[in-house]
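**Q** The following block contains the structure, expressed as structure tokens.
The values are calculated or read from the model by the stated rules, or taken from the named source; none is laboratory data. Note that this is a predicted model, so its numbers are computed, not measured. When we count neighbours, we look across all protein chains shown, and the Cβ atoms used for this are built from the backbone with ideal geometry, even at glycine. Surface accessibility is based on the protein's heavy atoms, side chains included, excluding ligands, DNA and RNA. Shrake-Rupley method; radii C 1.70, N 1.55, O 1.52, S 1.80 Å.
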Amino acid sequence: MSRTALLNIDTQLSFFHREYWQEDDFPAFRQAMTTLINGCAARQVPVVDIFHVVESGPFSLASGYVAPMPFLAHQPAAVFYKHVHNAFTDTGLDRWLRGQDINHLIICGIRTEQCCETTARVASDLGYRVTFVSEATLTFPMTHKGVTLDCDALRHRTETVLAGRFATLKTVSETLESL
């Protein structure tokens, strides 16, 4: 029997205070996240909030920005604070999930190709079945060696490397229908 949890990764106020923040994809992300979280809650799937924390700046606890974005109204089953890109290293998340007999994780949150993708990879390596819901992830353009990848390119790249290896890719509606 599969026991499922939704991991809501880094959907925190900190991002509003980063120089790369942009609103372009935010309304669609907000709607997808709200639908996914509400759908999981209605099906008694626990929602676990993960927050990224560093020593200084908008991701520090002292900033007051390590808190849920205003559109999030759910009561998390558990909250974990991470200091690296994945949600497992030194957080106690794996212990908590195994204690709840959870073996299937749904991944959503911010940033698609960083903390969400990294968490999906580590979860798969730890033996969890992983569903990655790209439309319920958010990212921002990135530039390296003079080449900028826009959000669609980053999302496509993440889906390409996860599909069939580390995760099953599903839409919000497909994910909720499968629960």
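**Q** Measuring from label point to label point, each 7 Å out along Cα→Cβ, what is the His74 to Glu19 span in nm?
**A** So the two model labels end up 3.4 nm from each other.
**Q** Would you report the distance distribution of C-alpha pairs in the chain as whole percents per 10 angstrom bin, up to the bin with the largest distance?
**A** 10, 41, 38, 10, 1
**Q** If R0 is 25 Å, what FRET efficiency do you get for Gln44 and His83 from their C-beta distance, rounded to 0.05?
**A** For R0 = 25 Å, the calculated efficiency reads 0.25.
**Q** Say each of Gln31 and Ser56 gets a label point 7 Å from the Cα, pointing the same way as Cα to Cβ; how far apart are those two points in nm?
**A** Result: 4.1 nm between the two label points.
**Q** Run the paramagnetic zone check for Thr148: 7 angstrom along Cα to Cβ, then residues of the stretch 22-55 with backbone nitrogen under 20 Å.
**A** 22-27
**Q** Just to be sure I understand the rule: take each whole DSSP H helix in the chain, project its Cα atoms onto its long axis, keep it if the span is 15 Å or more and its mean Kyte-Doolittle hydropathy is at least 0.5. Which ones pass? Write out the running numbers ahead of the final one.
**A** On the way: long enough: 26-42 (24 Å, 0.62); 151-162 (16 Å, -0.38).
Those that clear 15 Å and a mean of 0.5 are 26-42.
**Q** Counting only protein heavy atoms and a 1.4 Å probe, tell me what percentage of the chain's accessible area is made up of carbon and sulfur. Mind dumping the intermediate values first?
**A** Values: 4380 of 8590 Å².
Looking at the chain in its full context, I get 51 percent from C and S.
**Q** Amide H neighbours of Cys108 under 5 Å, counting only residues 5+ apart in sequence or on other chains, H built in-plane at 1.01 Å?
**A** When sequence neighbours closer than 5 places are left aside, the close amide H contacts are Leu7, Ile9.
**Q** Compare Met69, Met142, Met33 in a GNM of the chain, Cα atoms joined below 10 Å, and give the one with the largest fluctuation.
**A** Met142
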